[in-house]
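This report refers to the structure that appears directly beneath it.
The values are calculated or read from the model by the stated rules, or taken from the named source; none is laboratory data. A quick note: this is a predicted structure, and the numbers were derived from the prediction, not measured. Reconstructed Cβ throughout: ideal geometry from the backbone, glycine too, with neighbour counts over all protein chains shown. For the accessible areas, the whole protein counts, side chains as well, though only heavy atoms, and no ligand, DNA or RNA atoms are used. Shrake-Rupley method; radii C 1.70, N 1.55, O 1.52, S 1.80 Å.
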Amino acid sequence: MRDLSTDTSLLSLNTATVKQQWNLEQMIDGCVRHRIGAISPWRDQVEACGLGEAAARIRDAGLRVSGLCRGGMFPAADAAGLQANIDDNRRAIDEAVTLGAECLVLVVGGLPEGSRDIARAREQVFDGMSAILEHARSNQMPLAIEPLHPMYAAERACVNTMQQALDICDRLGDGTGVALDVYHVWWDPDLEAQIARAGQQGQLLAYHVCDWLIPTRDLLLDRGMMGDGVIELKKIRGWVEAAGYDGCCEVEIFSSLDWWKKDPDDVLATCVERHQNVV
Ligand code: ZN
């Protein structure tokens, strides 16, 4: 396992972690102040900054871009809706390329409004990814499916386990893989085996960390800081690195009740400390 005890270069800031108080420019500056080596911005923040400006600022700051959040959200009520979502994902690929991102993270989408057909939604995810795959490949932009915890299956992502995500990747082939977020998959009894499987195919594209709090007070916005919950972070990172992953550890914390209220500089300092001691 890599020694992170003095590292900051492999730490990536997923900008959701400080999005309540900072814009993208402030996030980039914050990474520089705390010697954080990478950033993973969200598209709305990039758009607010301006794509060219965001890319230049990130490049000038010397930051890696461990991923762009996010593409996906494919399922739609009709063919026109699916096509619109496909078109938006093509734009997301272009944005990821401009930013120099290491992958485009896909939160694949849940049920279209009024639908109860989750199998159909899953097929639309496959169809949508198939439709953008050549564009992604020709731009050397890997597509990283992020399986989400099953509690989000209806509204955000109908792909909910590593196995399910990897089965899709195997059907699609080169240029696809997974973004493993411990929050979503820590509970999975098959996690170790699926990580090993992903490693054999070079399909581990990103690694997201936070923690699972007891109790969890909000299904979306109560993620914990690493070390404050019940996820065996070092064990999972050990599996991931044994499978060949050598990328960043990306901190992604949605926390309206706690971390979003704190001084963002204190949040980043805590991220660094936990990255070195807990992750
Ligand atoms: Zn994530």
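Keeping to region 223-273, report how many residues are of a type in the set (S, T, N, Q) and more than 16 Å from the ligand (Cβ to nearest atom). Can you show your working first?
If we filter region 223-273 for residues that are of a type in the set (S, T, N, Q), which is where we start, we get 255-256, 270.
Narrowing further to those that are more than 16 Å from the ligand (Cβ to nearest atom): 256, 270.
The number of residues fulfilling the criteria is 2.
In this structure, is G72 open to solvent by less than 10 Å² (accessible area, probe 1.4 Å) and on the phi > 0 side of the Ramachandran plot?
Numbers: open to solvent by less than 10 Å² (accessible area, probe 1.4 Å): yes; on the phi > 0 side of the Ramachandran plot: yes.
Taking the combined requirement at face value, the residue satisfies it.
The numbered conditions (1) aliphatic (A, V, I, L, M); (2) open to solvent by 10 Å² or more (accessible area, probe 1.4 Å); (3) within 16 Å of the ligand (Cβ to nearest atom) are all true for V65 except (2).
The listed residues are H135, H184, and the only one of them that is within 14 Å of the ligand (Cβ to nearest atom), at pLDDT 95 or above and of a type outside the set (G, A, S) turns out to be H184. The residue of region 151-180 that is nearest to the ligand (Cβ to nearest atom), among those that are open to solvent by less than 20 Å² (accessible area, probe 1.4 Å) and polar (S, T, N, Q), is N160. Among the residues of region 187-210, those that are more than 14 Å from the ligand (Cβ to nearest atom) and touching a helix residue (DSSP H, G or I) at 6+ places or on another chain (Cβ under 8 Å) comprise D188, D190, L191, E192, Q194, I195, A196, R197, A198, G199, Q201, Q203. Taking first residues from region 196-212 that are over 16 Å from V251 (Cα atoms) and partners that are within 16 Å of the ligand (Cβ to nearest atom) and assigned to a loop (DSSP other than H, G, I, E, B), the Cβ contacts under 6 Å between residues at least 6 apart in sequence or on separate chains come to L204/Y245. The set of residues in region 8-31 being open to solvent by 10 Å² or more (accessible area, probe 1.4 Å) and in contact with a Gly (Cβ under 8 Å, 6 or more places away or on another chain) consists of T8, S9, L10, W22. Here D87 passes the criteria (1) assigned to a helix (DSSP H, G or I); (2) open to solvent by 20 Å² or more (accessible area, probe 1.4 Å); (3) in contact (Cβ under 8 Å) with a residue 40 or more places away in the chain except the one numbered (3). Y183 meets each of the listed conditions (1) hydroxyl-bearing (S, T, Y); (2) assigned to a helix (DSSP H, G or I); (3) surrounded by fewer than 19 Cβ atoms within 10 Å (Cβ to Cβ) apart from (3). Checking region 26-43 against the condition returns a match, with at least one residue being more than 16 Å from the ligand (Cβ to nearest atom), touching a residue at least 60 places away in the same chain (Cβ under 8 Å) and among the polar types (S, T, N, Q).
Which one is farthest from C103 (Cα to Cα) among residues in region 186-203 that are of a type in the set (A, V, I, L, M, F, W, C) and open to solvent by 20 Å² or more (accessible area, probe 1.4 Å)?
Within region 186-203, the subset of a type in the set (A, V, I, L, M, F, W, C) is 186-187, 191, 193, 195-196, 198.
Right, trim to open to solvent by 20 Å² or more (accessible area, probe 1.4 Å) and you get 186-187, 193, 196.
Numbers: W186: 22, W187: 25, A193: 23, A196: 20 Å.
Per the criteria, the residue is W187.
Filter region 1-41 for residues that are among the aliphatic types (A, V, I, L, M) and over 21 Å from A179 (Cα atoms) and give the result. Steps first, answer last, please.
Start the filter on region 1-41 by keeping residues that are among the aliphatic types (A, V, I, L, M), which leaves 1, 4, 10-11, 13, 16, 18, 24, 27-28, 32, 36, 38-39.
Listed by number, the residues that qualify are L24, M27, I28, V32.
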